[in-house]
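Notes follow once the structure below has been shown.
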Amino acid sequence: MAKKEVQPCCEKFKTMIGGQALIEGIMMRGPEKDAVVVRRPEGLNVEVTPRKVRSVKSPLSWPLIRGTVNFFDSQVVGVKALLHSADLSPEESAEEPSKLDQWLEKKLGNEKFQKAVVGIAVFLGLALSILLFFLLPMIIGGFFDTWIRSTLALNLIEGIIRMAIFLIYMVAVSRMSEMKRVFSYHGAEHKTIRCYEAGLPLTVENVRAQTRLHPRCGTSFLLVVMVISILVFSVASSVLLSLIPALADMRGGFLYRLIMIAFKLLLLPLVVSITYEINRWAGRHDNFFTRILTAPGMWMQNFTTNEPDDGMIEVGIAALQAVLPEEAGADRW
């Protein structure tokens, strides 16, 4: 008989430790260390690096600033780990570098070459996300401004389009055979953190019994970004139109749509920062409101996580144990 999943009510505390699924591996980020664990034919490859802890007095740690800073930092670290896991995978290790890779590495040097690859990958990833989940919905939603005068209604339509595109994208990606194992490692990451937060010993049996859904997942963050963008864009657009009445007279024209799209894109860092603060607060509390707030993201994880096998769970356990702080409880929210 299959074991019943342990429900969120078994959570004893909340940890700031979080992770990311890789190619045949998992990255975990703790308060003091980062760990990348990849399964290779000869066993687990565990690499631990110390984290650069930012001072709480630094301006980069201030509310509404730290959100954007931490978001870009997580993107860079995540892409580095993902590319590194690809290099460690058996298929990639067996292949010779392309002539272009060899030429670039020769010209730039290994370290500069790696930084260039990471930089390009982060830029392309962010550009694609902005294009698909923000720019495209803005363009489609802009065609409604000829008939709908309400700024709130227009941004609500735009938000619905954005969420529909995101849902279609995630469902499509979840059906790709190449992503199924990555999503299984995602499930292993969540289950391992769930087991740790339940105060249980980190064994394969205990981890396997946990739910693969976690309220502090990046999927939940993205969905909250989309909801917050509706509110921020609505308020900011109303303020802009009130300050520049001539702009309202241009409504429906190409220039008007172009100005509004550019204005909203400039607001994205603010949207990310506000969402970060909301998720930070929700991550430290468990009540009726936070459960409602995280419910859509929890549901979406049915597409972005799969049940892992025992080998994947072992990777999750090794990754989490590698980033546990020396002082017990130092990782608690």
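The values are calculated or read from the model by the stated rules, or taken from the named source; none is laboratory data. Note that the structure is a prediction, hence the values are computed from the model and not measured. Positions of Cβ are generated from backbone atoms using ideal geometry, with glycine treated the same way; all protein chains shown enter the neighbour counts. These area figures cover heavy atoms from the full protein model, side chains too; ligands, DNA and RNA do not enter into them. Shrake-Rupley method; radii C 1.70, N 1.55, O 1.52, S 1.80 Å.
Contact list please: Cβ distance under 8 Å, first residue in segment 286-311 and within 25 Å of Arg208 (Cβ to Cβ) and modelled with pLDDT of 90 or more, second residue of a type in the set (Lys, Arg) and surrounded by fewer than 17 Cβ atoms within 10 Å (Cβ to Cβ), pairs at least six apart or on different chains.
If the second residue must be of a type in the set (Lys, Arg) and surrounded by fewer than 17 Cβ atoms within 10 Å (Cβ to Cβ), the pairs left are Asn306/Lys180.
Let me spell it out: the conditions are (1) open to solvent by 20 Å² or more (accessible area, probe 1.4 Å); (2) out of contact with any helix residue (DSSP H, G or I) (no Cβ under 6 Å at 6 or more places or on another chain), and Trp333 meets all of them except one. Which number is the exception?
Every listed condition holds for Trp333 apart from (2).
Scanning segment 104-146 for residues that are surrounded by 11 or more Cβ atoms within 10 Å (Cβ to Cβ) and among the basic types (Lys, Arg), which turns out modelled with the highest pLDDT?
Residue satisfying both the conditions and the ranking: Lys115.
Collect the residues in segment 27-71 that are of a type in the set (S, T, N, Q) and either buried (at least 20 other Cβ atoms within 10 Å of the Cβ) or part of a strand (DSSP E or B) (or both), keeping them in residue-number order.
Across segment 27-71, the qualifying residues are Asn45, Thr49.
Does Asp101 satisfy being in a helix (DSSP H, G or I), under 24 Å from Glu24 (Cβ atoms) and modelled with pLDDT under 90?
Considered against the rule, which asks whether it is in a helix (DSSP H, G or I), under 24 Å from Glu24 (Cβ atoms) and modelled with pLDDT under 90, Asp101 comes out as yes.
Within the set of pairs 6+ apart or on separate chains, which have a first residue in segment 233-260 that is closer than 17 Å to Phe144 by Cβ and among the hydrophobic types (A, V, I, L, M, F, W, C), a second that is modelled with pLDDT under 90 and open to solvent by 40 Å² or more (accessible area, probe 1.4 Å), and C-beta atoms under 8 Å apart?
Ile259/Met250
Test Arg149 against the stated conditions and say whether it is outside any helix (DSSP H, G or I) and either basic (Lys, Arg) or open to solvent by 80 Å² or more (accessible area, probe 1.4 Å) (or both).
When the stated conditions are applied, Arg149 passes them.
Suppose we filter segment 156-207 for residues that are more than 25 Å from Leu136 (Cβ to Cβ), surrounded by fewer than 21 Cβ atoms within 10 Å (Cβ to Cβ) and of a type in the set (Gly, Ala, Ser); how many remain?
Qualifying residue count, segment 156-207: 4.
Could you run through segment 1-17 and say how many residues are closer than 18 Å to Glu307 by Cα and either at pLDDT 90 or above or surrounded by fewer than 17 Cβ atoms within 10 Å (Cβ to Cβ) (or both)?
Number of matching residues: 6.
Are any residues in segment 234-260 open to solvent by 30 Å² or more (accessible area, probe 1.4 Å), within 30 Å of the chain's Cα centre (by Cα) and aliphatic (A, V, I, L, M), and if so, which ones?
Of everything in segment 234-260, those that are open to solvent by 30 Å² or more (accessible area, probe 1.4 Å), within 30 Å of the chain's Cα centre (by Cα) and aliphatic (A, V, I, L, M) turn out to be Val235, Leu258, Ile259.
Can you run down the residue pairs with Cβ atoms below 6 Å, 6 or more apart or on separate chains, where the first is in segment 117-141 and within 17 Å of His84 (Cα to Cα) and the partner is surrounded by fewer than 17 Cβ atoms within 10 Å (Cβ to Cβ)?
Val122/Val76
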